[in-house]
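**Student:** Starting off with a structure, shown below.
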Amino acid sequence: MTPKITPFIILLAIFLTACGSRNTATLTGTFSGMNENNTVYLDMISINDISMVDSAVLDAKGRFRKKVTLPEKQPTFYNLLCEVHIITLLLSP
């Protein structure tokens, strides 16, 4: 069975970027069909580099939640990775 990524993850991540502190975002989502204890990685994409920002471990239902500090005054691309799945996000303070 191939794991399916819930579209909910992208919408909620973008919505929560606009809430709360101006330079933080809370990423919350679910990877359907994934095993407990799989790790989700968040990479920041810049012009010259891709660097890992943080990671979170999925719970028994495939859910994760992570608070991220964003660079000030500019939208930034991020990759959210779990196993072979990659979701590109654009987050802005």
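**Student:** Out of segment 81-93, which residues are of a type in the set (S, T, N, Q) and in a loop (DSSP other than H, G, I, E, B)?
**Tutor:** Answer for segment 81-93, where residues must be of a type in the set (S, T, N, Q) and in a loop (DSSP other than H, G, I, E, B): just Ser92.
**Student:** Same structure again: Cβ-Cβ below 9 Å, separation at least six or inter-chain, first residue in segment 80-93 and acidic (Asp, Glu), second surrounded by 12 or more Cβ atoms within 10 Å (Cβ to Cβ) and modelled with pLDDT under 85: which pairs?
**Tutor:** These pairs meet every condition: Glu83/Pro3; Glu83/Phe31; Glu83/Met34.
**Student:** Something else: Can you name the residue in segment 56-80 that is surrounded by 14 or more Cβ atoms within 10 Å (Cβ to Cβ) and either touching a Pro at 6+ places or on another chain (Cβ under 8 Å) or among the small types (Gly, Ala, Ser) (or both) and, of all such residues, is nearest to Ala25 (Cα to Cα)?
**Tutor:** Leu70
Let's see how each residue does on (1) within 15 Å of Asn23 (Cβ to Cβ); (2) not in a loop (DSSP other than H, G, I, E, B):
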position	(1), (2)
Glu36	no, no
Met44	yes, yes
Ser55	no, yes
Arg65	no, yes
Pro71	yes, no
Asn79	no, yes
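**Student:** Of the numbered conditions (1) at pLDDT 85 or above; (2) charged (D, E, K, R); (3) surrounded by 12 or more Cβ atoms within 10 Å (Cβ to Cβ), Glu83 fails exactly one; give the number of that condition.
**Tutor:** (1)
**Student:** Does Met52 satisfy the criteria of being at negative phi, surrounded by 13 or more Cβ atoms within 10 Å (Cβ to Cβ) and without any contact (Cβ under 8 Å) to a residue 60 or more places away in the chain?
**Tutor:** So Met52 does not fit the description; no.
The values are calculated or read from the model by the stated rules, or taken from the named source; none is laboratory data. Predicted, not measured: the structure shown is a model, and the values here were computed from it. Glycine gets a Cβ as well: all are built from the backbone with ideal geometry, and neighbour counts include every protein chain shown.
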